[in-house]
Amino acid sequence: MFTLAHLSDPHLGPLTKFSLRELIGKRATGYVNWRRKRRHAHDMEILGLIVADILAQKPDHIACTGDVSHIGLPTEFKTALSFLDTLGQRDSVSFVPGNHDCYARSSLSALARELAPWCASDGGEAGYPWYRQRGPVALIGVNTGIPTLPLMATGRLGSAQIAVAEKLLTQAKADGLIRVVLIHHPPYVGGARRTRELVDADAFEAMLRRTGAELVLHGHNHRFSLAWRPGLDHDVPIVGVPSASIGPRGGHGELACWHLLRIEGPAAAPHISLERRAFDLDGTVKLLQSIPLTGGGMV
């Protein structure tokens, strides 16, 4: 059995020092939003409890699907580097960025530089999609984060990235591996409301129909979701996890949660189950629900 922990959207805080010049443009509205809402909604003590629970389960691998930052400041990625190191050895942790990590064009170089160890292929190649084999599983990470206008949180893959992902999925299938795609935005039509959606979700769905996958994991909405979309041989489960840091003080989304995926069996007919583990108001992290993710259908 291979166990995979999935967390997303920790929105690490508090914000570190920055210059007023760095707040030019979209970051100015993002900073106001952080001051008014996000700094209260995202609780780092609760995130600590979530991380402790993840480590207690001793997963074989940990995947974080983005939004480690609030407004994509270079100093925020220094904080993210330390956070990802708390999750385990660097070869046992994978990362793909979210829209907050790509908040501004000036975010992109610092993001790539600081978080490179967690988002490179096995051969060390940088860029997206990346490809990592861990045991019987092929992990394929894609980047939907793009700088956008204020009040927009859309994502985009682009035709080039989709084409490479298709080749990697085909390769992994030929190698007899169980294929898991990591992505930030919900990659299906209707997965997020307008201004927050993946704008080329239809192209991703079309690629899934051609190549298939065994599992797709995403964040972004701060809510649990389970959707099924047609694949090459079977419907593909697409699972969204809530933020790993939201507490009871408010904010859009459910209380902090993470998912434990149990994966076993042959690639042609794997058995995959999901355990949802969430923060409870009594101050502990508890098992909420167990869900089989094989043999399902369209939702």
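Just to confirm a number: summing +1 for Lys and Arg and -1 for Asp and Glu over residues other than Thr148 whose beta-carbon lies under 15 angstrom from that of Thr148, what do you get?
Computed value for this residue: +3.
Counting Lys +1, Arg +1, Asp -1, Glu -1, what net charge surrounds Leu255 among other residues with beta carbon under 15 Å of its beta carbon?
Residues near Leu255 contribute -2 overall.
Enter the mean projected area of the convex hull around the alpha-carbon atoms of segment 112-153, in nm², rounded to one decimal.
It is 3.8 nm².
Please compute the Kirkwood hydrodynamic radius over segment 143-217, one decimal place, Å, based on all pairs of different Cα atoms.
12.9
Kindly give Rg over Rh for segment 6-56, based on alpha-carbon atoms, with the Kirkwood expression for the hydrodynamic radius.
Here the Rg-to-Rh quotient is 1.08.
Quick one: order Phe18, Phe83 from most to least accessible surface, probe 1.4 Å.
Result, largest first: Phe18, Phe83.
Please report the spacing between the Cα centers of segment 63-95 and segment 189-248 in Å, no decimals.
22
Which one, Ala110, Ala201, Ala28, has the greatest fluctuation when you compute a Gaussian network model over the chain with C-alpha springs under 10 angstrom?
The residue with the greatest mean-square fluctuation here is Ala28.
Please report the equivalent ellipsoid semi-axes of segment 178-284, computed as sqrt(5 x eigenvalue) of the Cα gyration tensor, largest first, in whole Å.
26, 19, 8
Subtracting the Cα-Cα distance from 0.36 nm times the residue separation, let me have the gained length for Lys286 to Arg105 in nm, one decimal.
61.2 nm
Pick out which of Val199, Val164, Val236 has the largest mean-square fluctuation in a Gaussian network model of the chain, springs linking Cα atoms closer than 10 Å.
Among Val199, Val164, Val236, the largest GNM mean-square fluctuation belongs to Val164.
Give the cross-link partners of Lys26 among the lysines, using a straight C-alpha distance below 25 Å as the criterion and excluding same-chain residues fewer than 8 apart.
Lys17, Lys37, Lys78
Between Ala174 and Ser159, how many nm apart are label points set 7 Å from Cα along the C-beta direction?
Reported label-point gap for Ala174 and Ser159 is 2.4 nm.
Mind checking the dipole of the chain: about its Cα centre, +1 per Lys or Arg Cβ, -1 per Asp or Glu Cβ, Debye to the nearest 20?
Charge dipole, the chain, about its Cα centre: 960 debye, nearest 20.
Can you bin every Cα-Cα distance in the chain into 10 Å intervals starting at zero and give me the percent of pairs per bin, rounded to whole numbers?
Over the chain, the share of Cα pairs per 10 Å bin runs 6, 31, 38, 21, 4, 0 percent.
Under the Karplus relation 6.51 cos²θ - 1.76 cosθ + 1.60, θ = phi - 60°, what is the ordered set of whole-Hz ³J(HN,Hα) values for segment 187-194, x standing for Gly and Pro?
Per residue, the Karplus-derived 3J(HN,Hα) values read x, 8, 4, x, x, 8, 6, 4 Hz.
Please name which of Ser92, Ala165, Tyr188 has its Cα lying farthest along the dipole of segment 87-239 towards the positive end, using unit charges on Cβ (Lys, Arg +1; Asp, Glu -1) and the Cα centre as origin.
Tyr188
Take the Cβ-Cβ distance between Ser82 and Lys37 as r, set R0 to 22 Å, and report the resulting FRET efficiency rounded to the nearest 0.05.
So, using R0 = 22 Å, E works out to roughly 0.35.
I want the local charge near Asp91. Using Cβ-Cβ distances under 11 Å, sum +1 for each Lys or Arg and -1 for each Asp or Glu among the other residues.
So the surrounding residues net to +2.
If you average 1/r over every pair of different alpha-carbon atoms in segment 31-138 and take one over that average, what Kirkwood value in Å do you get?
So the Kirkwood estimate lands at 14.9 Å.
Would you mind getting the Kirkwood hydrodynamic radius of segment 78-132 from its Cα pairs, rounded to one decimal in Å?
Roughly 11.7 Å, rounded to one decimal.
Before rounding to the nearest 500, sum -39500 (n - 2.57) across all DSSP H runs of length at least 4 in the chain and divide by the residue total; then give [θ] at 222 nm in deg cm²/dmol.
Taking each H run of at least 4 residues, the total per residue is -7000 deg cm²/dmol.
I'd like to know how segment 135-182 sits against the 2.2 N^0.38 Å rule of thumb: what's its Cα Rg over that expected value?
1.44
The values are calculated or read from the model by the stated rules, or taken from the named source; none is laboratory data. Small disclaimer: the values here were computed from a predicted structure and weren't measured. Because the Cβ atoms are built from the backbone with ideal geometry, glycine has one as well, and the counts that use them run over all protein chains shown. Each accessible area value is taken on the protein alone, full model and side chains, heavy atoms only, with ligands, DNA and RNA left out. Shrake-Rupley method; radii C 1.70, N 1.55, O 1.52, S 1.80 Å.
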